[in-house]
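Colleague: Pasting in a structure now, in structure tokens, and then I'll have a few things to ask.
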Amino acid sequence: MASLRYHAGRMVLYESPSGWRVRIKTKEGKLDLPLMSADLDEAILQAETLYADARAISSSKPFCYQCIHWKASAAKCDLGFPEGRSSGGRFAKDCSAFKRDRLR
């Protein structure tokens, strides 16, 4: 059974008989989630997305870089909001497009 560790061990991608799974450690506890992909590269992308979502949801002070609309390569908001563009992402808690707002 192969396993890959990311983010200082807070995300572990491992292979089970039913396919790839990801184990994520947060402040509230541990998550063990199945992934839809049988391909390793796609499983890594899915696991990274789930990891980012779990970190954003468990954070009491969210940042723009935890949002699904944040472009990491350009360090800006994909939707063009000023809180992502000029502040470095510290105003994400006030952003109406931030995913955390839609979960409430």
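The values are calculated or read from the model by the stated rules, or taken from the named source; none is laboratory data. This structure is a prediction, so every number in the text was calculated from the model and none was measured. For neighbour counting, all protein chains shown are included, and Cβ atoms are generated from backbone atoms with ideal geometry for every residue, glycine included.
Colleague: Among the residues of the range 66-83, which ones are of a type in the set (S, T, N, Q) and either within 22 Å of Arg23 (Cβ to Cβ) or modelled with pLDDT under 70 (or both)?
Modeller: Passing the criteria: only Gln66.
Colleague: Next question, about the same structure. Scan the range 32-52 and report the pairs whose first residue is in the same structural domain as Trp20 (by TED's automatic domain parsing) and whose second residue is among the β-branched types (Val, Ile, Thr) and assigned to a loop (DSSP other than H, G, I, E, B), with Cβ atoms within less than 9 Å and a gap of 6+ or a chain change.
Modeller: Hits for this filter: Thr49/Ile68; Ala52/Ile68.
Colleague: Can you say whether Met1 is in contact with a strand residue (DSSP E or B) (Cβ under 7 Å, 6 or more places away or on another chain) and at pLDDT below 85, as far as the supplied structure shows?
Modeller: Spelling it out, Met1 is indeed in contact with a strand residue (DSSP E or B) (Cβ under 7 Å, 6 or more places away or on another chain) and at pLDDT below 85.
Colleague: Still on this structure, please answer the following. Of all the residues that make up the range 11-32, how many are surrounded by 14 or more Cβ atoms within 10 Å (Cβ to Cβ) and at pLDDT 90 or above?
Modeller: Going through the range 11-32 one residue at a time, the tally reaches 12.
Colleague: When you check Ala43 against the structure, is it aliphatic (A, V, I, L, M) and at positive phi, yes or no?
Modeller: no
Colleague: Separate question: Are any residues in the range 33-65 farther than 19 Å from Gly9 by Cα and at pLDDT below 75, and if so, which ones?
Modeller: The answer is Ser60, Lys61, Pro62, Phe63, Cys64, Tyr65.
Colleague: Ok, one more. Mind checking which residues of the range 33-47 are in a loop (DSSP other than H, G, I, E, B) and surrounded by fewer than 16 Cβ atoms within 10 Å (Cβ to Cβ)?
Modeller: Met36, Ser37, Ala38, Asp39 - these are the residues of the range 33-47 that are in a loop (DSSP other than H, G, I, E, B) and surrounded by fewer than 16 Cβ atoms within 10 Å (Cβ to Cβ).
Colleague: Another one. Does Tyr65 qualify as being in contact (Cβ under 8 Å) with a residue 12 or more places away in the chain, hydroxyl-bearing (Ser, Thr, Tyr) and in the same structural domain as Cys95 (by TED's automatic domain parsing)?
Modeller: Judged against the criteria, Tyr65 is a match.
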